[in-house]
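First up is the structure itself, then whatever we jot down about it.
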Amino acid sequence: MSATQFVSLDDFEQHAVNNLDRNALDYYQSGAQDMITLRENQRAFDRILIRPRVLRDVSQIDTTTTVLGQQVSSPICIAPTAMQRMAHPDGECATARAAVKNQTCMVLSSWSTTSIEDVAAASNASAPKWMQLYIYKDREATRKLIERAQDSGYSAIALTVDTPYLGRRLADIRNRFRLPPHLTMANFADQSKAQVGKAEKLNVSDNASGLAAYVASQIDPTLSWKHVEWVKSVARIPVLVKGILTAEDARMAVRAGVDGIIVSNHGGRQLDTAPATIDCLEEVVQAVDGQIDVFLDGGVRRGTDVLKALALGAKAVFLGRPVLWALSYKGEEGVVEMLDMIKEEFRLAMALAGCVKVSDINRDHVRMAGNPRL
Ligand SMILES: Cc1cc2nc3c(=O)[nH]c(=O)nc-3n(C[C@H](O)[C@H](O)[C@H](O)COP(=O)(O)O)c2cc1C
Ligand SMILES: CC(C)CC(=O)C(=O)O
């Protein structure tokens, strides 16, 4: 199937299912355990209905907005996903170039198969780039990642707080997931940090994937609010926390002085049966009470999903897997096509809901199916 026949983001996924090798496809596609949260992320959007307003002259629709003060062509941005060169040889550089063409924000995973500096060189200042961070046991290496990101022009740090250990991903365990030998975790020179599935002591009787063993060897599971404050004290650029799902933690994030929250359950890959992100958004937005921006990722696949997230208070949304499917289809060009497709869907959703500009979208534009009062 060629992209001219692709009519929705699901078509990019189907193409990847037909073409990617098992090790990569399963790693990208799966969620934790029974994948209940993974499915819920998408299904929960279906339970929200849009209340359209009519007779509003929608001949000109403006999808532009800002993320942390930087201009983007729409509130549809790119979430950090690790090891993108398994999807396409150009990996993270292709994604960065597509983000520039689409004028949107890309978040680079600290576990990328292309270095912070090489991705920065493929990008430019016209599109915001953020750097995703994990707290590594090697605190000096963590500090260096922050410094390298700042020096290379990244404009924010997204600190992931939902991964003290890796979620249990059954397909990766069955496959004994390995990063192909020609690829490395490119931000780390030290081979024990750069290779996955080799350095870890793993044998057929182990009941974990190479990735889980790798994460356990690298990530600091003592992760706490102290670390958030430490990142704030080291970084000269804004810091967001990625992986908040409750009002309680949202209030603590505000108190810790972060600059933004990404409501995320890691694409259903960490704690299975955690709620869908769109179902957590409103409580987080209410808890934050306008003090900082709230973003969302997880299960966003249609322009109408974007409109619903904005109506419930998100400043912008981030896409994870669709970027990988598009990369595997046609590299940079594939990601541009995918981003254009969902942006056009969003433009149409805005027009049909009677919203001319992004700031017109508000809580009155949505209600819960089966309960017109909510
Ligand atoms: C293959 C894959 C790798 C990921 N790698 C990272 C990562 O390195 N750091 C991180 O914070 N989140 C990571 N995530 C989570 C995404 O940033 C994001 O939260 C999630 O994919 C959003 O859900 P979606 O895939 O339904 O759009 C990864 C997700 C996937 C699917
Ligand atoms: C290297 C992995 C731990 C990256 C990740 O966050 C994920 O696979 O969900």
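Miscellaneous remarks
- Taking all protein chains together, 15, 365 sort by accessible area into 15, 365, largest first [probe 1.4 Å].
- Of the trypsin sites (Lys or Arg not before Pro) in the range 215-307, the ones in a loop by DSSP (not H, G, I, E or B) with at most 15 other beta carbons within 10 Å are 236.
- If you take the Cα centroid of the range 13-47 and the Cα centroid of the range 131-167, the two points sit 26 Å apart.
- Rg/Rh ratio calculated on Cα atoms of the range 218-317 (Kirkwood radius): 0.97
- Computed in the context of the full set of protein chains, the accessible area of the chain at 1.4 Å probe radius has 50% of its extent on carbon or sulfur.
- DSSP bridge pairs, the chain: antiparallel proportion in percent, nearest 5: 25
- Reciprocal mean inverse distance between Cα atoms of the range 295-364 - Kirkwood radius, Å: 12.5
- Equivalent ellipsoid semi-axes - Cα gyration tensor, the chain, angstrom: 31, 23, 21
- Mean accessible surface per residue for the chain, computed with a 1.4 Å probe while every protein chain stays in place, in Å²: 41
- Rg/Rh ratio calculated on Cα atoms of the range 114-233 (Kirkwood radius): 0.99
- Spatial separation of Cα centroids for the range 309-353 and the range 212-241, in angstrom: 29
- At 1.002 mPa s and 20 °C, Stokes diffusion of the range 1-64 via Kirkwood alpha-carbon radius, µm² per second: 138
- Cysteines, the chain, no other Cys beta-carbon under 4.7 Å: 93, 280, 355
The values are calculated or read from the model by the stated rules, or taken from the named source; none is laboratory data. Note that the structure is predicted; figures quoted are calculated from it, not measured. Using ideal geometry, Cβ is built from the backbone for each residue, glycine included, and neighbour counts are taken over all protein chains shown. Quick note on the areas: whole protein, heavy atoms, side chains included, nothing else; ligands and nucleic acids left out. Shrake-Rupley method; radii C 1.70, N 1.55, O 1.52, S 1.80 Å.
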